[in-house]
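The values are calculated or read from the model by the stated rules, or taken from the named source; none is laboratory data. Here the structure is a predicted model, which means the values were calculated and not measured. Neighbour counts are summed over all protein chains in view; Cβ atoms, including those assigned to glycine, are modelled from backbone coordinates with ideal geometry. Each accessible area value is taken on the protein alone, full model and side chains, heavy atoms only, with ligands, DNA and RNA left out. Shrake-Rupley method; radii C 1.70, N 1.55, O 1.52, S 1.80 Å.
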Amino acid sequence: MVQGASIRLIIDYVSKKKGIEGLNALRDIVNKDRVIFMKESDIKHNENYPGHYLAKILDATVKIFDENELQEMGKYFGEHMDVNFKGILGKYPPKKTMENIVLVMRKYLPIFHTGYKSITSKSYWLLVSKLKKEYYPFIDGITQALFEKHGGIREVKKAYEEDRIEYTLKF
């Protein structure tokens, strides 16, 4: 199940960038085989929806936006995710930061697999998989926004595989 908040973020971004024509195009593409929503207000922020709703909306945005616009949409999505990297005593340590990134990615984008593994105490490996190649710019935008929100990540290396993106992070 995916939260309505995730779907709403995408719909809001399409509305912001493409206006009524973009929303109509999105709705037409999404509802081509089966009706999911008739107007954007049909998707409620706090309700849960089947994961294929998010997949269909992402597939539609891939057809509407180019690669740069998808990355910008990912940045917008990442900036509006409800995640905090600061505790009572300052920023979380690297392991707690990675746990937060994985949890928020699983919460907002449950149709993708997200996990992490420690390499050393200050470097970690983050994996986002079960991706279509068209989603890579969107995921890059999200992770870039999350890394900027944290502010303590010194180096990021990306590796693109067949159905996943692997990030190596150094704090």
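Listing for the model above:
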| quantity | calculated |
| --- | --- |
| His113 versus Val156: modelled label distance in nm, points set 7 Å from Cα along the beta carbon direction | 2.3 nm |
| Heavy-atom accessible area per residue - region 2-64, 1.4 Å, Å² | 52 Å² |
| Under 22 Å from the Cα of Lys86 - lysines, other chains or at least 8 residues apart | Lys75, Lys95, Lys96, Lys107, Lys117, Lys122, Lys149, Lys170 |
| Modelled FRET efficiency - R0 35 Å, Ser41 with Asp163, Cβ distances, 0.05 increments | 0.55 |
| Paramagnetic reach from Thr120 in region 152-171 [backbone N under 12 Å; point 7 Å along Cα→Cβ] | 170-171 |
| With Cα atoms, 0 to 90° folded angle of helix 94-108 axis to the chain main axis | 10 degrees |
| Three principal axis lengths of the chain [C-alpha, angstrom, descending] | 49, 36, 26 |
| Tilt relative to the chain, helix 51-64 - C-alpha long axis, 0 to 90 degrees, to 10 | 80 degrees |
| Two-site label geometry, Lys96 and Lys16: point separation in nm, points 7 Å out along Cα→Cβ | 3.0 nm |
| On Cα atoms only, tilt of 4-30 relative to the major axis of the chain in degrees | 40 degrees |
| Computed E for Asn24/Leu89 - FRET, C-beta separation, R0 41 angstrom, nearest 0.05 | 0.25 |
| Cα gyration tensor shape of region 75-144, rounded if a/c is under 1.5, else prolate or oblate by comparing a/b with b/c | oblate |
| Which listed pairs, of Lys32/Lys157; Lys17/Lys44; Lys17/Lys133; Lys17/Lys130, have C-alpha distances above 29 Å, in listed order | Lys32/Lys157 |
| CD proxy at 222 nm, helix term only [per DSSP H run n ≥ 4: -39500 (n - 2.57); per residue of the chain; nearest 500] | -16500 deg cm²/dmol |
